[in-house]
Amino acid sequence: MPSPYRAIFAAPGSRSFSAAGLIGRMPLSMVGVGILTMISQLTGRYSLAGALTATLALSAAAIGPQVSRLVDQYGQRRVLRPASLLAAVAVAGLLLCAANNAPDWTLFVFSALAGCVPSVGSMIRARWTAIYRDSPRELHTAYSLESVLDEVCFIFGPILAIGLSTTWFPEAGPLVAGVFLLVGVWWLTAQRTTEPVPHPRGADTDRTSALRSPGLQVLMATFVATGAIFGSIDVVTLAFAEERGHKAAASFILAVWAVGSCLAGIVFGLLHLKGKAERRWVLGICAMAVSMIPLLLAGNLPFLAVALFVSGLAIAPTMITTMALIEAHVPRAKLTEGMTWISTGLAVGVALGSSVAGWVIDAAGAKTGYVVSISAGAAAAAVAFAGYRRLTRSAQGEEPSNDGYDGDSRDERDKDRRVA
């Protein structure tokens with residue numbers, strides 16, 4: 001039986017835009033942890049490092065959906081190049097200010113400006129959707145591949161960022177991330193044949209945001225709490241490793257966490273699951289929440305690595321299901337914006353999680369910081385349960401961007417909606 005992953009690359013241009021997307025999304029896992037490492041190396045202040053990461057994440061949360069909305073209207077090339085250039089210039093300004101002991105407020109200004117970095121992963125998923133819109137099975141595999149590649153970035157990104165900043169010079173991690181962004185975006189936008197057709201806003205066009213979708217609102221709210229898990233674990237793991245005299249080991253421990261998610265995503269992409277995706281999504285959120293508990297019991301780095309590997313097994317399948325739900329609930333002309341709102345929710349959560357974790361670490365030590373991760377997991381599960389019925393009912397009366405998702409047929413989904 002041929003691999004479904006090999007089959008999706010039969011589409012012309014798919015290998016090239018996927019490779020460009022892999023490079024362009026590396027900053028997703030490098031910039032935040034790179035800033036954390038840089039500031040902690042230069043000042044030793046985890047609270048400042050967490051606050052700067054939070055500023056970057058909140059700025060990306062505010063600007064990112066607007067960038068993607070412009071992409072839906074005018075196309076990827078016209079929007080992504082200037083946005084990426086501005087983000088790279090802002091990162092350069094941040095590094096210069098940090099290296100020259102500039103006042104803290106200058107660091108916050110450049111961190112905020114760097115938030116215009118585009119959601120490259122959403123751009124790649126939009127290209128896959130344009131190719132396989134009428135092939136649900138292939139689209140499921142493509143979404144699975146993208147989640148796996150996200151995890152590949154989270155495996156190698158922290159290793160590069162922390163490794164460069166600790167062994168070369170403190171600003172090296174964010175600097176290399178900026179180079180990756182420019183190279184990836186320029187390569188991606190040079191590929192015009194696979195670029196999704198833009199949907200200009202006319203006088204008779206719906207100008208409302210994709211966030212008007214009740215289903216998308218539930219997904220985004222849940223992923224604010226999920227992002228707090230991610231943000232807190234990054235900060236706490238770095239501090240935990242430093243307390244034990246092995247700060248550079250944090251990159252490898254975070255990579256183990258991503259390996260667990262990567263392996264789960266590969267297997268999930270090979271499956272052809274039936275039933276309601278909403279139920280699998282809630283189960284995935286709950287699994288992530290429960291997997292946070294062992295982190296508080298970690299007394300050494302090997303135990304922590306094992307605990308994070310297990311917790312990572314729930315991440316990619318949940319993200320894959322999330323993208324399938326977005327593709328089913330958001331109108332086609334707003335798909336890129338809809339996907340970016342999930343990144344926005346994650347960014348807000350990362351900001352909250354990293355900030356709170358930084359304060360807890362400074363006040364009570366690194367291990368106590370995992371209480372923030374556990375609390376965020378509990379909050380994610382609570383929001384998912386509270387919004388479940390709204391999520392399953394929100395598709396009624398909406399025009400989805402595809403006639404099938406997650407392997408379900410049109411008849412199966414219509415039956416599910418009538419039952420709901």
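At a glance:
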read-out: Every pair of residues 6+ apart whose Cβ atoms lie under 8 Å, when the first sits in the stretch 255-282 and is in contact (Cβ under 8 Å) with a residue 12 or more places away in the chain and in a loop (DSSP other than H, G, I, E, B) while the second is open to solvent by 50 Å² or more (accessible area, probe 1.4 Å) and acidic (D, E); value: K274/E412
read-out: Residues of the stretch 338-365 classified as surrounded by 24 or more Cβ atoms within 10 Å (Cβ to Cβ), over 14 Å from the mean Cα position of the chain (by Cα) and not aliphatic (A, V, I, L, M), total; value: 4
read-out: Check on L58, surrounded by 15 or more Cβ atoms within 10 Å (Cβ to Cβ), more than 18 Å from the chain's Cα centre (by Cα) and either of a type in the set (A, V, I, L, M, F, W, C) or at pLDDT below 85 (or both); value: no
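Listed here are the residues, each with its yes/no results for (1) over 24 Å from S165 (Cβ atoms); (2) open to solvent by 10 Å² or more (accessible area, probe 1.4 Å); (3) modelled with pLDDT under 85; (4) not hydroxyl-bearing (S, T, Y).
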{"position": "A249", "(1), (2), (3), (4)": "no, yes, yes, yes"}
{"position": "F252", "(1), (2), (3), (4)": "no, yes, yes, yes"}
{"position": "C262", "(1), (2), (3), (4)": "no, yes, yes, yes"}
{"position": "F268", "(1), (2), (3), (4)": "yes, yes, yes, yes"}
{"position": "L271", "(1), (2), (3), (4)": "yes, yes, yes, yes"}
{"position": "A277", "(1), (2), (3), (4)": "yes, no, yes, yes"}
{"position": "L283", "(1), (2), (3), (4)": "yes, yes, no, yes"}
{"position": "C286", "(1), (2), (3), (4)": "yes, yes, no, yes"}
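Yes or no, residue by residue, for (1) of a type in the set (S, T, Y); (2) open to solvent by 20 Å² or more (accessible area, probe 1.4 Å); (3) under 20 Å from I342 (Cβ atoms); (4) without any contact (Cβ under 8 Å) to a residue 40 or more places away in the chain:
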residue	(1), (2), (3), (4)
P82	no, yes, no, yes
L85	no, yes, no, no
V89	no, yes, no, yes
L94	no, no, no, no
V109	no, yes, no, yes
G115	no, no, yes, no
S122	yes, no, yes, no
A142	no, no, yes, no
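The values are calculated or read from the model by the stated rules, or taken from the named source; none is laboratory data. Quantities reported herein were computed from a predicted structural model and do not represent experimental measurements. Cβ coordinates were reconstructed from backbone atoms using ideal geometry, including for glycine residues, and neighbour counts include every protein chain displayed. Areas reflect the complete protein model, heavy atoms only, side chains present, ligands, DNA and RNA absent. Shrake-Rupley method; radii C 1.70, N 1.55, O 1.52, S 1.80 Å.
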